[in-house]
Structure formats: C-alpha cells, structure tokens
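Q: Pasting in a structure now, in structure tokens, and then I'll have a few things to ask.
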4 protein chains.
Amino acid sequence: MTITQLTLVQIDNYGPWTVTPEPRREMDLQTLQSRLFADVAQFIGSRGGYVFFTRFDNMIAVTNGIDRAAHATLQETIGNRYPVTISLGIDVADTPAAALDGATERLQAAGSAQDEDRTEVLAGTFLDPSETGTEPVHIAHFDVNDATGKYTDQLNEFDSFIHIERSYASLMEYLRTAHGGLSFFVGGDNIIAVLPELSAEAYQAALDHVADDAGVELKVGVGRGQTAHEAGIAAKHALEDCRYEGTTVEFAQPHVPTSDD
Amino acid sequence: MTITQLTLVQIDNYGPWTVTPEPRREMDLQTLQSRLFADVAQFIGSRGGYVFFTRFDNMIAVTNGIDRAAHATLQETIGNRYPVTISLGIDVADTPAAALDGATERLQAAGSAQDEDRTEVLAGTFLDPSETGTEPVHIAHFDVNDATGKYTDQLNEFDSFIHIERSYASLMEYLRTAHGGLSFFVGGDNIIAVLPELSAEAYQAALDHVADDAGVELKVGVGRGQTAHEAGIAAKHALEDCRYEGTTVEFAQPHVPTSDD
Amino acid sequence: MTITQLTLVQIDNYGPWTVTPEPRREMDLQTLQSRLFADVAQFIGSRGGYVFFTRFDNMIAVTNGIDRAAHATLQETIGNRYPVTISLGIDVADTPAAALDGATERLQAAGSAQDEDRTEVLAGTFLDPSETGTEPVHIAHFDVNDATGKYTDQLNEFDSFIHIERSYASLMEYLRTAHGGLSFFVGGDNIIAVLPELSAEAYQAALDHVADDAGVELKVGVGRGQTAHEAGIAAKHALEDCRYEGTTVEFAQPHVPTSDD
Amino acid sequence: MTITQLTLVQIDNYGPWTVTPEPRREMDLQTLQSRLFADVAQFIGSRGGYVFFTRFDNMIAVTNGIDRAAHATLQETIGNRYPVTISLGIDVADTPAAALDGATERLQAAGSAQDEDRTEVLAGTFLDPSETGTEPVHIAHFDVNDATGKYTDQLNEFDSFIHIERSYASLMEYLRTAHGGLSFFVGGDNIIAVLPELSAEAYQAALDHVADDAGVELKVGVGRGQTAHEAGIAAKHALEDCRYEGTTVEFAQPHVPTSDD
Ligand SMILES: Nc1nc2c(ncn2[C@@H]2O[C@H](COP(=O)(O)OP(=O)(O)OP(=O)(O)O)[C@@H](O)[C@H]2O)c(=O)[nH]1
Ligand SMILES: Nc1nc2c(ncn2[C@@H]2O[C@H](COP(=O)(O)OP(=O)(O)OP(=O)(O)O)[C@@H](O)[C@H]2O)c(=O)[nH]1
Ligand SMILES: Nc1nc2c(ncn2[C@@H]2O[C@H](COP(=O)(O)OP(=O)(O)OP(=O)(O)O)[C@@H](O)[C@H]2O)c(=O)[nH]1
Ligand SMILES: Nc1nc2c(ncn2[C@@H]2O[C@H](COP(=O)(O)OP(=O)(O)OP(=O)(O)O)[C@@H](O)[C@H]2O)c(=O)[nH]1
Ligand SMILES: [Ca+2]
Ligand SMILES: [Ca+2]
Ligand SMILES: [Ca+2]
Ligand SMILES: [Ca+2]
C-alpha cells in the first residue's frame, strides 16, 4: 500500500503583487517564478523529494522523508532571498489526491491565497517514519514514443507541443479520476505521476486511453521507494527497459499486485 | 498588419544526455531546465522580447528588435555556463505560426534534434528594422476571472490546475486553428498569446469558445508595440482596465480594426 | 574544546577549461563561479554549515553535522548541472587550520588540481556525532565600526574597498598565525572567522592588531554551537550586542574561558 | 588616451536590512549577494561591459557602450526580483579612478547608503559614443605563474589563498597610487585591472613591486578595445602569449606608447 506525504507550496498574495504599483515586466515574473521553482527543486530534490511546477504560484511536492524542520528552513530561505514569501500545507494519505486535499485545506483554513495578512503559514501533518511500510511511494514516468522522429523533427515547435499537451491533458484527467493519481508535465515529452499501487493492466489501460483520446503513444516505467527520488530513479530505469525491450509498461522490480487495483 | 520575428531555442541532443551514462536525478534536470529558461528570459526580456518555456527543451521566443549578434551572444553564454548547448532558428512572417514554421525549418534542415553532430546552429532571417511598420507585434494577455475565489481557495490544488489546464488546452488549439496564433501558459491563471491583428469580436469569440468548451471564464487585454515587451505591458494595462470596468475584452489604445479580421 | 569538520571544494581542472578552446568571456566565468558558490552555499547552509567563496575555484566550508552521503549528493548535483565538476576533501581536527591541512591533503594525494584524470574525488574523514562534545564550533563575526559614515559615504568606492581589504589582509594573517584560525571576507565590511576557543583578551588583541596595522576599527561577536550556523547566528546576535552596548567584543552567552587561550 | 565610463552599483540600505527584524542566515545573504552579482554580470557582460563584485553590496562596473536606458532596465529587473533594490551612479573620465570619483559622488550627493529614503537613484553622465576615440578602454589581466604547482598542490587552501591575497593587496594599492588604476580579484589566481595607457616598463615595474613586496610572481596580458569585453578578451589572448613565449608582459597588438606614461 502506498502512503504519500504531499506539500502544497503557495506564493502568498502573489496576484496583487504582480500588478503593484504597476503591472511588472512579464519576463521578470517568468524569471522569478522559474528560479523560485528551481530553488525549491534543489532543496526538496536533494532531500529525496520531487516537486512539480504546476502553476508556479502553486507547486505540488512529494515530500516523504522531509520533516517539519526542513520545511521551516525552506520557508525561511525563500523569505530571505525573494520579494515574495511562501506558505506550506502538508498532509499524508493513502492516495496522492487525498493527501493533497488535506494539504490544500491547511492553507485554505488559514485564509485566502490573496489575503495579505496570511503569510508564511506552515501547517500540516508529517509522516512518522517508524509507521511507514517499505517503499510507500510509487512513481510512474511516462514518455512519448519517438517524439523526436514524429514531432520535433517534423512539425513546427508549437504543433509538436500541441500533441504533447493533448497527451498530458488526457492522461492527467484519466489518472486523477480513475486512481486518485496526480500527473505532471516535466518538459520534453515526459510526464511524471505519483500514484497508488496499480497493476500492469491498469497502466496499459491508461496508455490505451491516451492513444484513443489524444492520438499519442506513450510508454511508462514504474518504480517504488522510500522517497520520491528512489521511486523515480527506479521508474527511469524501468523506462530504459521499455526502450531496450520495445515494451510499453515496465516495473522496476518483481511486482505482483493484487487483482483489480 | 503584424510582423513577428520568432526564435526557436532548442537544447541540442538533450534526450540522450538526460540518460547518459545513467538516468540523471529528475530534480537536477528540473533545476537545469528552469534556470536555463530563466537565463533566456532575462537575456531576451531585457532586450524587449518575450520567451515562453513551452517544453523547456524547446522554447519559443518573440524577438522583434533582437539581431543576429545578440542571438550569437546568447548562444555563447549558455554554452559557457551549462553542460548542454542550444541551437537557434529564427524567422519573420505576418502570422506567428508562419514565422515559427520558418524558424523550426532552419533547425530541421540542419539535422535532427537528436543528432549529436548538430550543435549550436544559428540560422535564420532577421527583421530589418527599417522595413517594419509601427507596432508590428500584438500580444493578448488572458486571465481567468476570480481564479482565487472559484478555484484556489475552494478545490485542492490539482483540481484547480485541471480547470486552468483545460482552459489553456482549449484556447491554444482554438487560436492556432482560427488565427495562426500561438498561446502559452505563463503560470497562475494567465495565458499570453502572440497573434495577428484581431477585432474585439474575434477575441470575444475566443472567450466564448473556452467558456463553452472548458467551462472557464476568461478576460483578455490586448496591446501592440514595436517589441513584445511594449505590446505585452500595454496588454497588461488593458487587462487591468477589464478588472476596473468589469469588461471582458479591452484594447490598450483606440483601435478600429477592419471588419472580420 | 573545539572540533571542526572542514571541507575543501575544488573545481576540477578549472584553469585549462577557462581557456579551452579559446579564452572564455570573463563575465560568463564570473557568473559560473558565483552561481556555483551560491548553490554550494544553499546546499551546505540549509544543512547548518557555512561555506566561503575564498578563490571561487577553491572554496572552504565548515561542515560539522554534514555526512558523506550529503557530500556525495552535492557532488552529483553540481556535476549534473554545470560544465565543470568538483572534488571534495574533508577532515576533522581541533583547530580549523589542522582540519584544512587534512582536507587539502586528501585532494593533493589524489592528484594535481590540474590533472585531467582526477575528477570528482570524495575523500575524507567525517565527524562521528556521538563523539563530539557540545558546541564544538566557534564562529567570530567581525565588522567595521561605522563603515558607512567613515568610508562608503565619504570616499570613492575603490578607496573604501582598500580600507576594508587592508583590514581583512591584516586580520586573516594574524588569526592564522596566532591561533590557527581561518577568516573570510563575506562582503560589505564583514569578516567571519572559524576559530579555536579564545578569550575576550585574545579577541581584543586581534582588534588592536588590525587598528595598529591597517588603521581600521573593528568589533566582534562570538558564538558557539553544534553547527557553523548555530555558532554564526549566535555570533551575529552578539555583534548586535556590541552595537547596542557600544562594546568591541561580545560573546553570545556566559563564557568563562581559561586563562591565556 | 583612455576614456572610461564607470558605474557604481550600490544595494540600497543593505546593512539595516541584513539584521531586520533579526540577523538573517549568513548563507542566505551569501546566496543573495552572489546571485545578484551574477545577474549584474550577465546583464552588463552581454552588453560588452565588465563588473567586479568588490564588496558585493557595492560593485564597480566598466560600462563603456551601455546607455542610460539599459541602466534603467537593469535597475528595474533587480527591483522586480530581489528583496532589495540598487542605486546606480555613473561617470566618465580619463582615468578610472577619476571616473569612479564622479560615479560615487552622484550617489553620495543623493543621500547616505543607509538612508532608507534614498532608493533606486540613477544619476550620472554617459559617454557620447560619437566623441570617443577608438579603443578607449584598457584592460590588464594579471595571473600568478604556476599557482597550481607552487601553491594549490602544495599548501593547504587557506595558505595558498594568503599568497594570492597578498599579491592582490600589493598590486591594488600600487596601481591605484601609481596610475589611478582599479584592480579586482576575480577568483583563482587572476586579477583584472582597468587602467590608463601604460608602457611595458610600467607594467614590469608593477610586477616587480609585487614580487618584492608580496613574494609572488605575476605575468600580465594587456588589451584595448571599444568595450571592456573587447579589451579584456584581447588581454586574455595576450596572457596566453605570455604562457607560450615564457614572457611576463604582453600587449594584445602592436603598441608604441609615448614615454613615461
Ligand atoms: N524531464 C525529463 N525530460 C526528459 C527526460 N528524458 C528525456 N527527456 C525529454 O524528452 C525529450 C525527448 O527525448 P527522448 O524521449 O529520449 O526521445 P524520443 O525521440 O521520444 O525517443 P524514445 O523516447 O526513445 O522513443 C528530450 O528532449 C527531453 O526534453 C527525463 O528523464 N526527464
Ligand atoms: N505570469 C503572470 N502571472 C500572473 C500575472 N498576474 C497574475 N498572475 C497569476 O495569476 C494568479 C491569480 O491572480 P489574479 O488573476 O490577480 O487573481 P484572480 O483571483 O483570478 O482575480 P481576478 O483576475 O482579478 O478576477 C496569481 O497568483 C499569479 O500567479 C501576470 O502578470 N503574469
Ligand atoms: N555578509 C554580511 N554582510 C553584512 C551583514 N550585516 C551587514 N553587512 C554588510 O555590511 C555593510 C555595512 O553595514 P553595517 O555594518 O550595518 O553599517 P555600518 O555603517 O558599518 O554601521 P555599524 O556597523 O553599525 O557601525 C552592509 O552594506 C552589508 O554589506 C551580515 O550579517 N553579513
Ligand atoms: N576569473 C578567471 N579565472 C581564471 C581564468 N583562467 C584561469 N583562472 C583561474 O586560475 C586558476 C589557475 O589556473 P592557471 O592560471 O591556468 O594555472 P597555473 O597553475 O597558475 O599555470 P600558469 O598560469 O599557466 O603558470 C584556475 O583554477 C582558475 O580559477 C580566467 O580567465 N578568469
Ligand atoms: Ca520519448
Ligand atoms: Ca485572474
Ligand atoms: Ca559595520
Ligand atoms: Ca596562473
């Protein structure tokens, strides 16, 4: 069974800041957002977590193994170095979607994202390491087959992107609805999902759905681990197995899921 | 009439690099990609351009006013500071989509994106400043109405994101097909599009399409300028006008488009 | 008694790289160096350590509490994101200078800094947390009295800098020789030193030496802690005490050193 | 004859900010300072200028060819992305020291560096490109002979650094006094100076001074150009000539200075 600790990272009162006193240069906002994400990625990534840029003003992180003190340090360093601050909501649950429900509610309970008095909230429940089973995090790394040959080298870049975007839109809604999973576009032709335990058939059904719905062929490597990084690096190796074997679904290690998960 | 100079920024042979000799830590790839984008955003943005992260390994920039020498300097500085290099394809056309066709073809003609011998291509046609009319760039800045109240403060963050993502998927395909326009999600609830000249009715039709198709209500500010930044900052001010007036389409200045553009 | 774990961070074979195939743009080298330092500062700083830029191609870090696995992660992330790699030598000793001797020797034993085959060395001895007494790290934070009024607002900036530089040159040699301490200019008018345990008289003698030798008046706050950050933040508070009390040497907490340390 | 445009970049009211409301984590200050410097280096460097970190809260830039509008854009982008703002003073003169006098006075005239109401000053005189002769900027790039063999591979890193630091302290004071030149340590074993026109004998005398005074042997390459970058890259090539020829002073091109400059 999976147990996922999720953190919602939310920039405090960001909308009003972007237009005060005048609308700010868009490329400065883009730089600020992407560097803030990069700093969070380094902080969380070097501690075994994964973070996704999502909307940039709201980022979602898988933080199994990262405790309250580390979250507080992250919040402090961003506050020291940026013109904006961040709030952090954290929760733990069996499915990623349920964990995110709890994480989001912690922040919503403290006030609106655009309440100027609600800053640097740090609220949530952290995983007790002693109570977790082994390998509570499952990561699936999806990738488009031959994106270079079919799209990048053939179409103009925007039209390539439309295909990738369609496959992402299709997969994200499917996994959310069918399994309470959360999927994120991570650049190129790659989508990373944090999921409950699923069978090979369930993964194949997801790939089939995207092929039908969006006309894009994906493959997927699946890994599990104590942390998102451990699960994710195993998933990447499994994806390499897909490449070498010519298969579409590979698990990182011997895996006998129970029926109909 | 609009004349747009577009630049395709493509990381050379990036796919193979990400898995050589072993798959690399995902959070390091995320950091690399987002910082590379931030550096390009600063370089191009401080010269009046706009760049969008798109797929991160392929980024699309509006570069009216930025010449070949500046492109060469950008290419050199990235090569000096990153473990990867970039190729640049540039072209000019009346519609953004046609300009991107040409920009992409410059790179495709030089070899595959995953050809390890095809590095640091710099190929294209640059705008002759003396031949451009006034204000050749049109930028539309779209924004979701009350995203904070309807989504961010109500749903879990992933479900908020699904709504934003749907509105983006819907708008991007519509503007591409109907007008040869290119639209980009820029974080939060914002979409920025580079477009040919369009009437207020054409913009309203786009908003109506997204409302019907994705169930999300947008407003839009439209600006024009010598550069993307000039057009874009005017668009942001027009968007503020929407906020103050409670309207859904505002142009930055007196604008009487000819019928059915 | 103090016990300091020091890490030498050395860019591998950096000199030849800067001129291959041609000398590289200096501002790109400056950007690379300062961002590499910033990344190391975030990594080590968020784990309680301190790192100093020193010569940028060789940086010195106080790493009490940071283990081998974290050092390996640092090395990996730099290798993944920069066009250069780093080697790390680590050692532990009673005085900072002795710890640095050992840390440096680990790298020298593995080959020359400009040996192109000597890359990503990770060699050293790490502190066993269970064997350390309490508060093994001592940090002194030195600051020029009224640097703004005497220099910044009076002289041209280079001449201000000459005074600061003289005070640094004088203090660094004094503390190295008299106490085996290592001092680092950290910007502005601030010098931070890692030192063995010293009496108030010993600190006053150092200030007197700099006043005589370089004509610059300093004050100093001294802290101790389990980590450099704990000691350093205590030192900063002690320095604030100097400001409020008008004194020149303050210890962070009741401190009765034995004679002539 | 040389004509140098110098810019003083000063963080506004930085001292008080570092300790408000409490002293901030030193590694966050280090990260902020070095990234701010890196951003300024990219901005100015990609426009042909050079900037030196100096004290980090005050940075000195050679900005021939960079106009008021570009300075304003730099100031705006820093203000948009950092928790601090910068002021800029600019002046032009025959010697670097005289230009810096004027640049500094512009800021001093506007108020103290720690006056909380004095923010984002942009004041100064800019070079009129039409009035400059050819190659008004002279850059000298100094380097320690065999620093790797004599120091880095032999001594502990701090003791290596002491030698480099001594050579810098000696050279900076000499060039300032003898020629109104400004020299900056740029990492490794490198010092870059901006100078008036000097003969080979004058350069040799500077090297001899440092050898006598600090016991460190330097070589130097000298270049001239329209911008600091042009002069500096020429100086780097001249320094490579020193390496290949085994000489100590090389000019980038045929150069017959008038007597006793
Ligand atoms: N974020 C991320 N992106 C990746 C990774 N690996 C590849 N990519 C991206 O995916 C793009 C396409 O690379 P590949 O998937 O190797 O190429 P392909 O043409 O689709 O070939 P196959 O997947 O082997 O069929 C690259 O340009 C990268 O942007 C990864 O591990 N993480
Ligand atoms: N990239 C970018 N994002 C912006 C900009 N302005 C706002 N945002 C984002 O949009 C989010 C929502 O802010 P707003 O649009 O002001 O808030 P709202 O609740 O939708 O309210 P209204 O748009 O006024 O109805 C913010 O958190 C930002 O992420 C902008 O100029 N550029
Ligand atoms: N690295 C670092 N630099 C600091 C810190 N505090 C101040 N500075 C620097 O020191 C400079 C001078 O600030 P202060 O020391 O507060 O000012 P001062 O005029 O010398 O006044 P007093 O020290 O109070 O006599 C600032 O511009 C900063 O660059 C700190 O904690 N760390
Ligand atoms: N900022 C900067 N630093 C450099 C440059 N070239 C070399 N360095 C630094 O200088 C250090 C020593 O490199 P070298 O000067 O090549 O080595 P060396 O052992 O002194 O050998 P020689 O100078 O050839 O006698 C390197 O580690 C770099 O930090 C440069 O162009 N700019
Ligand atoms: Ca693929
Ligand atoms: Ca909105
Ligand atoms: Ca001071
Ligand atoms: Ca050298």
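The values are calculated or read from the model by the stated rules, or taken from the named source; none is laboratory data. Since we're looking at a predicted model, the values are computed, not measured. When we count neighbours, we look across all protein chains shown, and the Cβ atoms used for this are built from the backbone with ideal geometry, even at glycine. Protein only, heavy atoms only, side chains kept; ligands, DNA and RNA dropped before computing areas. Shrake-Rupley method; radii C 1.70, N 1.55, O 1.52, S 1.80 Å.
Q: Applying the selection to the stretch B:47-64, what residues are out of contact with any Asp or Glu (no Cβ under 9 Å at 6 or more places or on another chain) and either in the same structural domain as B:Gly181 (by TED's automatic domain parsing) or open to solvent by 10 Å² or more (accessible area, probe 1.4 Å) (or both)?
A: Listed by number, the residues that qualify are B:Arg47, B:Phe53.
Q: Related question: Starting from residues that are in contact with a Gly (Cβ under 8 Å, 6 or more places away or on another chain) and within 16 Å of ligand 3 (Cβ to nearest atom), keep the ones in the stretch C:189-224 and report whichever is nearest to the other protein chains (Cβ to nearest Cβ).
A: Going through the qualifying residues, I end up with C:Ile192.
Q: Under 9 Å by Cβ, and 6 or more places apart or on different chains, what pairs join a residue from the stretch C:149-171 that is basic (Lys, Arg) with one that is open to solvent by 10 Å² or more (accessible area, probe 1.4 Å)?
A: C:Lys150/C:His163; C:Lys150/C:Glu217; C:Arg166/C:Asp213; C:Arg166/C:Ala214; C:Arg166/C:Gly215; C:Arg166/D:Ala169; C:Arg166/D:Glu173
Q: If you don't mind, another one. Test each condition in (1) at pLDDT 95 or above; (2) open to solvent by 10 Å² or more (accessible area, probe 1.4 Å) for B:Gly225 and report the one that comes out false.
A: (2)
Q: Taking B:Phe52 as meeting all but one of (1) within 27 Å of C:Ile78 (Cβ to Cβ); (2) in contact with a strand residue (DSSP E or B) (Cβ under 9 Å, 6 or more places away or on another chain), write down the number of the exception.
A: (1)
Q: Just checking, does the stretch B:75-87 include any residue being under 23 Å from D:Ala69 (Cα atoms) and at pLDDT 95 or above? Step through it out loud before you land on a result.
A: Pass one, the stretch B:75-87, residues under 23 Å from D:Ala69 (Cα atoms): B:77.
Restricting the remaining residues to those that are at pLDDT 95 or above gives B:77.
Yes, that holds for at least one residue.
Q: Go through the stretch D:41-77 and give me each residue that's in contact with a helix residue (DSSP H, G or I) (Cβ under 7 Å, 6 or more places away or on another chain), farther than 15 Å from D:Gly124 by Cα and within 16 Å of ligand 3 (Cβ to nearest atom).
A: Matches in the stretch D:41-77: D:Phe53, D:Thr54, D:Arg55, D:Phe56, D:Asp57, D:Asn58, D:Met59.
Q: A further question on this structure: Any chance you could count how many residues in the stretch A:163-173 are surrounded by 19 or more Cβ atoms within 10 Å (Cβ to Cβ) and away from ligand 5 (no atom under 12 Å from the Cβ)? Walk me through how you get there before you give the answer.
A: Residues of the stretch A:163-173 surrounded by 19 or more Cβ atoms within 10 Å (Cβ to Cβ): A:164-165, A:167-172.
Still in the running and away from ligand 5 (no atom under 12 Å from the Cβ): A:165, A:168-172.
Summing the residues that are surrounded by 19 or more Cβ atoms within 10 Å (Cβ to Cβ) and away from ligand 5 (no atom under 12 Å from the Cβ) in the stretch A:163-173 gives 6.
Q: Mind checking whether some residue in the stretch D:46-63 is within 16 Å of ligand 7 (Cβ to nearest atom), more than 15 Å from the chain's Cα centre (by Cα) and closer than 26 Å to A:Met27 by Cα?
A: no
Q: Limited to the stretch C:15-38, what total is found for residues that are outside any loop (DSSP other than H, G, I, E, B) and facing another protein chain (nearest Cβ under 7 Å)?
A: Narrowing the stretch C:15-38 to residues outside any loop (DSSP other than H, G, I, E, B): C:15-18, C:26-38.
Narrowing further to those that are facing another protein chain (nearest Cβ under 7 Å): C:15, C:26-28, C:30-35, C:37-38.
Going through the stretch C:15-38 one residue at a time, the tally reaches 12.
Q: A follow-up question, please. Mind checking which residues of the stretch D:174-191 are surrounded by 23 or more Cβ atoms within 10 Å (Cβ to Cβ), among the aliphatic types (A, V, I, L, M) and within 13 Å of ligand 8 (Cβ to nearest atom)?
A: D:Ile191
Q: Output the residues belonging to the stretch B:162-188 that are assigned to a helix (DSSP H, G or I), within 9 Å of chain A (Cβ to nearest Cβ) and either within 12 Å of ligand 2 (Cβ to nearest atom) or in contact with a Gly (Cβ under 7 Å, 6 or more places away or on another chain) (or both). So that I can check it myself, show each step before the final result.
A: Within the stretch B:162-188, the subset assigned to a helix (DSSP H, G or I) is B:162-179.
Those left that are additionally within 9 Å of chain A (Cβ to nearest Cβ): B:162, B:164-166, B:168-169, B:172-173, B:176.
Answer for the stretch B:162-188, where residues must be assigned to a helix (DSSP H, G or I), within 9 Å of chain A (Cβ to nearest Cβ) and either within 12 Å of ligand 2 (Cβ to nearest atom) or in contact with a Gly (Cβ under 7 Å, 6 or more places away or on another chain) (or both): just B:Ile164.
Q: Then there is this: What is the residue count in the stretch B:28-46 for residues that are farther than 16 Å from B:Val84 by Cα and open to solvent by less than 10 Å² (accessible area, probe 1.4 Å)?
A: 3
For every residue, the table says whether it meets (1) out of contact with any Cys (no Cβ under 9 Å at 6 or more places or on another chain); (2) of a type outside the set (S, T, N, Q); (3) farther than 30 Å from A:Ala103 by Cα.
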position	(1), (2), (3)
B:Ser160	yes, no, no
B:His163	yes, yes, no
B:Tyr174	yes, yes, yes
B:Ser183	yes, no, yes
B:Gly187	yes, yes, no
B:Gln204	yes, no, yes
B:Ala211	yes, yes, no
B:Val222	yes, yes, yes
B:Leu239	yes, yes, yes
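Q: Among the residues of the stretch C:171-202, write down those that are touching a Pro at 6+ places or on another chain (Cβ under 7 Å) and on the phi > 0 side of the Ramachandran plot.
A: C:Gly180
Q: Among the strands (runs of 3 or more DSSP E) lying completely within the stretch C:66-160, list those that include at least 2 residues that are more than 14 Å from chain B (Cβ to nearest Cβ) and buried (at least 23 other Cβ atoms within 10 Å of the Cβ).
A: On the way: elements: C:86-93, C:122-124, C:137-144.
So the answer is C:86-93, C:137-144.
Q: How about the stretch C:171-198: which of its residues are among the hydroxyl-bearing types (Ser, Thr, Tyr) and within 13 Å of the chain's Cα centre (by Cα)?
A: Filtering the stretch C:171-198 down to residues among the hydroxyl-bearing types (Ser, Thr, Tyr) leaves C:174, C:177, C:183.
Once the filter is applied, which keeps residues that are among the hydroxyl-bearing types (Ser, Thr, Tyr) and within 13 Å of the chain's Cα centre (by Cα), the stretch C:171-198 yields only C:Ser183.
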